[in-house]
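In what follows, a structure is listed as structure tokens, so that the remarks can point back to it.
The values are calculated or read from the model by the stated rules, or taken from the named source; none is laboratory data. If you're wondering where the values come from, they're calculated on a predicted model, not measured in any experiment. Methodologically, a virtual Cβ is constructed for each residue, glycine included, from the backbone with ideal geometry; neighbour enumeration extends over all protein chains shown. Side chains included, ligands, DNA and RNA excluded: accessible areas come from the protein's heavy atoms. Shrake-Rupley method; radii C 1.70, N 1.55, O 1.52, S 1.80 Å.
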Amino acid sequence: MSNEGRKNKPVSFNISDEHDFALLNHAEQTNPLTGKPRNVSKYVKRLIEEDMKRPPQSKFRIDRNEPIIIEETYSIETKEAMNSFI
């Protein structure tokens, strides 16, 4: 198969980072039905497609270093109290 008309986007995983290493291991899992390694390219495309289907103004702020907070749920006092634990 020719790469003409295709655009490759490499993804890098830092195997010294526990989180990156776990992501890589998950992406490379073997398909239990076929016994073959997962097609990482198709897997990433499916994840992107699912992300595109979400509403653009999601209520969730996601950052692996921060807790997930639904902003509208908590009062200012509660947010300040939660920040003291972070």
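State whether one or more residues within segment 2-25 are at pLDDT 85 or above and in contact with a Leu (Cβ under 8 Å, 6 or more places away or on another chain). Checking segment 2-25: at least one residue is at pLDDT 85 or above and in contact with a Leu (Cβ under 8 Å, 6 or more places away or on another chain). Of all residue pairs spaced 6 or more apart or on separate chains, those with beta-carbon atoms under 9 Å, a first member in segment 6-25 that is over 15 Å from Tyr43 (Cα atoms) and in contact (Cβ under 8 Å) with a residue 24 or more places away in the chain and a second member that is of a type in the set (Lys, Arg) and open to solvent by 100 Å² or more (accessible area, probe 1.4 Å) are His19/Arg64.
Checking the stated criteria, Arg46 turns out not to satisfy the condition of being charged (D, E, K, R), more than 16 Å from the chain's Cα centre (by Cα) and modelled with pLDDT of 85 or more. Taken together, the residues in segment 4-33 that are of a type in the set (Ser, Thr, Tyr) and assigned to a loop (DSSP other than H, G, I, E, B) amount to 2.
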